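First the structure, in the form of structure tokens, and then the observations on it.
Computed from the coordinates by the stated procedures, all read-outs in this text should not be read as laboratory data. Being a predicted model, the structure only gives us computed values, none of them experimental. All Cβ positions, even for glycine, are placed from backbone atoms using ideal geometry, and neighbour counts span all protein chains on display.
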Amino acid sequence: MNHVYSYTNRQNEESAIGLNDSSSLLKTEAIEYQKLSNHHIKLANIMHSHNQFQACLILCDWALACRVKALYIQKYHAVHPPKELTMNEILPLVHTDTETGLDIALFIGTIQHISSLEKFDQGQTIKPNYIKKLLQRTEEILKELENRSN
């Protein structure tokens, strides 16, 4: 039987779980966002190898957004992070006592902007070697953020 997982089903499951299991629900949600982030970056690498640069950047954006949402869940104990996070929300999530996180937040904002461009001329806008560097930097940031969440 094919089961469609809807928002209503998710709410029913959450209310059935109760408050005692809320921490396990939070952990599960954060893990799911991390898995989704890993999936997006794998697809981004595939798209890059097929010279689908805009798709690659969109997937990089999605991977970063998922990883930041996992951090949001861990920090604020909220099962449902906002659909889109602003720079004011991202910066405290990537900031640590030893790292300001400003470079990561700026990179995330840059990827958000580039991936949202409607007209993306692959030959003129960004050269393929720059896309490769953006993909590599995305992977580095994802690894760094994953290490912080463990």
Between Asn147 and Ser23, what length comes free when the chain is fully extended (0.36 nm per residue of separation minus the Cα-Cα distance, one decimal in nm)? 42.6 nm
Could you list, in their original order, any pairs among Lys35/Lys83; Lys35/Lys132; Lys42/Lys69; Lys75/Lys127; Lys27/Lys83; Lys27/Lys133 whose Cα atoms are separated by more than 27 Å? Lys75/Lys127; Lys27/Lys133
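Ordered by packing density, taken as the mean number of other Cβ atoms within 10 Å over each peptide's residues, highest first, how do 95-107, 23-35 rank?
Highest-to-lowest ranking by the protection proxy: 23-35, 95-107.
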Once you treat every alpha carbon in the range 41-134 as an equal point and sum by Debye, what is log10 I(q)/I(0) at q = 0.10, 0.12 Å⁻¹? -0.30, -0.42
Residue-by-residue Karplus 3J(HN,Hα) for the range 24-39, coefficients 6.51, -1.76, 1.60, Hz, glycine and proline x: 5, 5, 4, 5, 4, 4, 4, 5, 5, 5, 5, 4, 4, 4, 4, 5
